[in-house]
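Colleague: Structure provided below as structure tokens; questions to follow.
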Amino acid sequence: MNFQLISLDKFSTDAILVFALSDKNEIKFLTDLKTFDKKLHVSLNKAIKTAGFKAKRGETLNFYLGEVL
């Protein structure tokens, strides 16, 4: 399966799916969000801290970006 990542300012969407996993108590994303979209990276990290998200198996995090992007 191949995925292509493009900057969020190049398209409009209602949802974004980001894959992450827990590695030695550290959350690792399956893509480099800093180069993908810096605003998403900052917003996602804030949501992770607020929710106490740990990226454990079966755990999900949903959050609303509003007008951030």
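The values are calculated or read from the model by the stated rules, or taken from the named source; none is laboratory data. Keep in mind that what you see is a predicted model, and the values were worked out from it rather than measured. Glycine also receives a Cβ, built like all others from the backbone with ideal geometry; neighbour counts cover every protein chain displayed. Heavy atoms of the whole protein, side chains included, go into the accessibility calculation; ligands, DNA and RNA do not. Shrake-Rupley method; radii C 1.70, N 1.55, O 1.52, S 1.80 Å.
Colleague: Residue check: is residue 21 of a type outside the set (S, T, N, Q) and in a loop (DSSP other than H, G, I, E, B)?
Modeller: Values: of a type outside the set (S, T, N, Q): yes; in a loop (DSSP other than H, G, I, E, B): no.
Judged against the criteria, residue 21 is not a match.
Colleague: I need a count of the residues in region 54-69 that are of a type outside the set (Val, Ile, Thr), modelled with pLDDT of 80 or more and open to solvent by 30 Å² or more (accessible area, probe 1.4 Å). Give the steps one after another, and end with the answer.
Modeller: As a first pass, look at region 54-69 and keep what is of a type outside the set (Val, Ile, Thr): 54-59, 61-67, 69.
Narrowing the set further to residues that are modelled with pLDDT of 80 or more leaves 54-59, 61-64.
Checking which are open to solvent by 30 Å² or more (accessible area, probe 1.4 Å) leaves us with 54, 56-59, 61-64.
Qualifying residue count for the region: 9.
Colleague: Another question, if that's okay. Across region 1-36, which residue is most open to solvent (accessible area, probe 1.4 Å) among those that are among the acidic types (Asp, Glu) and at pLDDT 70 or above?
Modeller: Per the criteria, the residue is 14.
Colleague: Ok, one more. Which pairs turn up if I take residues in region 37-53 that are in a helix (DSSP H, G or I) and look for partners that are aromatic (Phe, Trp, Tyr) with beta carbon separation below 8 Å, at least 6 apart in sequence or on another chain?
Modeller: Sorted first by the residue in region 37-53, then by its partner, the pairs are 43/63; 44/63; 47/53; 47/63; 51/63.
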